[in-house]
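Bear in mind these aren't lab numbers, they're just calculated from the coordinates by the rules spelled out. Quantities reported herein were computed from a predicted structural model and do not represent experimental measurements. Neighbour counts run over all protein chains shown; Cβ positions are idealised from the backbone, glycine included.
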Amino acid sequence: MDLEDYVHSLPKAELHVHIEGTLEPEMMFALARRNAVALPWASVEATRAAYAFTDLQSFLDLYYAGAAALVTAQDFSDLALAYFTRAHADGVVHAELFFDPQTHTARGIPLATVLDGLEQGCEQARVRFGITSRLIMCFLRHLSEAEGFATLAEAMPALTRIHGVGLDSSERDQPPAKFARLFARCRELGLHVVAHAGEEGPPAYIIEALDVLRVERIDHGVRAADDPALLARLAREQTPLTVCPLSNIKLCVFRTLAEHNFKQLMDAGLKVTINSDDPAYFGGYIAANYVETARALNLTRVDLKRIARNSLEASFVDDEAREPWCFLTCLAAFFSLGVIAGCFFSSLLLCLTLPMILLLVNTRTCACAPSIGSRAQDSRDLAQVRAGTL
Ligand code: HPA
Ligand code: ZN
């Protein structure tokens, strides 16, 4: 089995993807036409040509401009379904989607419209692909804490539809502690809490996110490597890091993937995961992130299995949904050994356990691994997504 097939076969969770960052230029132009919104670029090609970023802020300026094409609940639903179609093709069984309500409410789009659309897309993905999902509402850290509280107030009637909150946007000079009271309130409300920290910001921001915001996962976190004590703490406490290697290259956090510190973090014992961040802007969805990182850093298949398993363990699903996936991850790795003994024992194991797996997957959760029977439908879906017609 080649590396691409192996990566696709691993059941995995995507824990760091901004749904607005999955807006491909083709869909951006189709939606802009549908909604009579003017974009700052003349064509799809000119848009892609503009994706030459020098840092996080240079990306965010374009990303917020592109998000202007999203107006109706149908737009958000189409966007989510297009993402899930690609994610399913990459072996994603569960995704926790970030969304930026303030980017939309600032343009007069009610938060309920955004949520209605995203939920519709999530539900269609569950029915069509068996993918489960969670919605994580991010506060923009370049805005004030008071504006964050106003967004939380708008979200209150819809709180059961949101599973957690996050913190994103410009990191420089925007310390997590600025949002201490807001995150305390979100924790009181029973929401999961995560935050971007240590993407461009210093290790001190990761420490603040842990100690002040009391986050359960750190998004990015690669700059933890600059502080040996923090590295030891993250390893000891097994706080998951949602690393996004291709994003880090596009935003010049590292010069090349070969220079990325992902393997250093993994070898230090951290619970690292691989994610796509804003794949429409950074040149690759989750499987491309796994494959390209593996090639650049010589990650083994055992490493990749560990990373996929980390993603399932670090997700906000309950254990009942998680257990069958973890088992399937082990099976995928076992089969990929390709040695005679491995094949023999795998076959024996499969014969003994297949009825049990099927029973578990069918009765306890609908969140199963990609189904082989839907491959033809999958390629039709993907072709439509790539052509911008889905
Ligand atoms: N970092 C911070 N904010 C973001 C990002 C990111 O990579 N993507 C979208 N919003
Ligand atoms: Zn991000």
> In percent, how large is the relative contact order of the range 3-323, given Cα pairs closer than 8 Å and 6 or more residues apart?
Replying inline: 20 percent
> Can you work out the FRET efficiency for the pair Ala50 and Ser144, with r the C-beta to C-beta distance and R0 = 35 Å, to the nearest 0.05?
Replying inline: 0.75
> What order do you get for Thr273, Thr103 when you list them from fewest to most C-beta neighbours inside 10 Å?
Replying inline: Thr103, Thr273
> Add -39500 (n - 2.57) for each DSSP H run of 4 or more in the chain, then divide by its residues: what number comes out at 222 nm, to the nearest 500 deg cm²/dmol?
Replying inline: -16500 deg cm²/dmol
> Listing Met1, Met266 from the residue with the fewest other Cβ atoms within 10 Å to the one with the most, what is the order?
Replying inline: Met1, Met266
> Loop-only check: which GluC sites (Glu not before Pro) in the range 20-52 are DSSP coil with at most 15 other Cβ within 10 angstrom?
Replying inline: none
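With r defined as the distance between the Cβ atoms of Glu188 and Arg34 and R0 fixed at 41 Å, what FRET efficiency is calculated, to the nearest 0.05?
Details: r = 40 Å, r/R0 = 0.98.
Using R0 = 41 Å, I get an efficiency of 0.55.
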> Which whole-number percent gives the relative contact order of the range 97-214, counting Cα pairs below 8 Å spaced six or more residues apart?
Replying inline: 23 percent
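For Lys263 and Met156, calculate 0.36 nm times their separation in residues minus their Cα-Cα distance, and state this gained length in nm to one decimal.
Numbers: separation 107, 0.36 × 107 = 38.52 nm, distance 4.07 nm.
Between Lys263 and Met156, full extension yields 34.5 nm more.
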>> Between the range 1-50 and the range 201-279, what is the separation of their alpha carbon centroids in Å?
In response: 24 Å
> Which peptide among 32-44, 51-63 comes first, and what is the full order, when sorted by highest mean count of other Cβ atoms within 10 Å?
Replying inline: 51-63, 32-44
>> What does the extension gain come out to for Gln57 and Arg214, with contour length at 0.36 nm per residue minus their alpha carbon separation?
In response: 53.9 nm
